[in-house]
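To start, the structure under review is shown below, and the notes come after it.
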Amino acid sequence: MTKDWNAAYEAKHTPWDKGSASPPLSAFLEKHPLTGRVLVPGCGLGYDARLLARQGASVVGLDIAPSAVRQARALPAEGELSFEVGDFLNLAENYHGQFDTVVEHTCLCALDPAQRLAYVRSVLQALKPDGHYLAVFFRKVKDYRGEGPPHPIAADQIVALFGDDFDTLESSVPQQSYPCRPLGSEEVRWMRKRSGSEPL
């Protein structure tokens with residue numbers, strides 16, 4: 001059953017909201033600042049999107065929950081940044097081919113694994129030719145027994161999903177994370193969309 005994300009934000013039952021940008025994302029950006037247009041799907045209250053805008057990117061934060069977007073817009077503005085309501089898995093045509101980078105953190109793990117192919121299709125749709133995909137993947141979820149979210153993603157599953165359409169430029173296990181996430185539970189991957197890779 002699909003989670004009612006808007007109801008969760010309305011009720012302020014959002015344990016995934018840590019009140020700050022992803023530490024692995026912050027560490028990556030210190031070495032590799034992103035420029036151009038960036039899309040952050042499943043942006044929530046927009047901490048990652050704000051960080052990206054603050055360091056120079058033009059950012060769109062997209063979330064399916066109107067309440068999340070309202071709360072994100074109510075926070076202080078940062079750089080060139082907008083928050084929009086939208087379903088990433090059914091990406092509006094005005095977003096197709098518009099972004100230099102898609103940044104992933106807590107969107108993919110929030111989806112039922114059966115929706116992952118649709119997610120990859122939307123990443124491909126959103127990116128310009130030779131665009132980039134930066135992901136903070138959840139490789140391990142504590143006490144995971146097949147129920148979520150969050151749903152972890154194993155290394156072979158990452159390859160199966162993205163290997164045909166993306167080249168991995170860099171991969172690392174982050175040394176910084178939120179206190180509740182044990183070292184080794186996340187992986188940062190920096191990928192580039194292959195020329196000619198387009199969604200079916």
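The values are calculated or read from the model by the stated rules, or taken from the named source; none is laboratory data. Please read all numbers here as calculations on a predicted model, not as lab measurements. So basically every Cβ, Gly included, is an ideal-geometry build from the backbone, and we count neighbours across all protein chains shown.
This table checks each residue for (1) within 15 Å of the chain's Cα centre (by Cα); (2) part of a helix (DSSP H, G or I).
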{"residue": "Val60", "(1), (2)": "yes, no"}
{"residue": "Ala77", "(1), (2)": "no, no"}
{"residue": "Glu84", "(1), (2)": "yes, no"}
{"residue": "Asn94", "(1), (2)": "no, yes"}
{"residue": "Gln115", "(1), (2)": "yes, yes"}
{"residue": "Pro129", "(1), (2)": "no, no"}
{"residue": "His132", "(1), (2)": "yes, no"}
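What residue, of Phe88, Phe83, is over 22 Å from Gly148 (Cβ atoms) and either touching a helix residue (DSSP H, G or I) at 6+ places or on another chain (Cβ under 9 Å) or at pLDDT 95 or above (or both)?
Working: Phe88 fails: over 22 Å from Gly148 (Cβ atoms).
After applying the criteria, what remains is Phe83.
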Selection count where residues are crowded, with 20+ Cβ neighbours inside 10 Å, of a type in the set (A, V, I, L, M) and either touching a Cys at 6+ places or on another chain (Cβ under 6 Å) or farther than 19 Å from Ala110 by Cβ (or both), scope segment 63-81: 1
Across (1) small (Gly, Ala, Ser); (2) closer than 19 Å to Leu34 by Cα; (3) buried (at least 19 other Cβ atoms within 10 Å of the Cβ), Ser122 clears everything bar (2)
Answer yes if at least one residue in segment 170-183 is surrounded by 12 or more Cβ atoms within 10 Å (Cβ to Cβ), among the basic types (Lys, Arg) and either at pLDDT 85 or above or farther than 27 Å from Leu91 by Cβ (or both), and no otherwise. yes
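Whether any residue in segment 45-64 is in contact (Cβ under 8 Å) with a residue 60 or more places away in the chain and not aromatic (Phe, Trp, Tyr) is what I want to check. Before the answer, list the steps.
At the first step, the residues of segment 45-64 found to be in contact (Cβ under 8 Å) with a residue 60 or more places away in the chain are none.
There is no residue in segment 45-64 that is in contact (Cβ under 8 Å) with a residue 60 or more places away in the chain and not aromatic (Phe, Trp, Tyr).
Just for segment 184-200: of the residues that are acidic (Asp, Glu) and either assigned to a strand (DSSP E or B) or closer than 16 Å to His105 by Cβ (or both), which one is modelled with the highest pLDDT? Write out each step before concluding.
Our first condition is that a residue be acidic (Asp, Glu); within segment 184-200, this holds for 186-187, 198.
Next cut, either assigned to a strand (DSSP E or B) or closer than 16 Å to His105 by Cβ (or both) only: 186-187.
Numbers: Glu186: 89, Glu187: 93.
Only one residue tops the list, namely Glu187.
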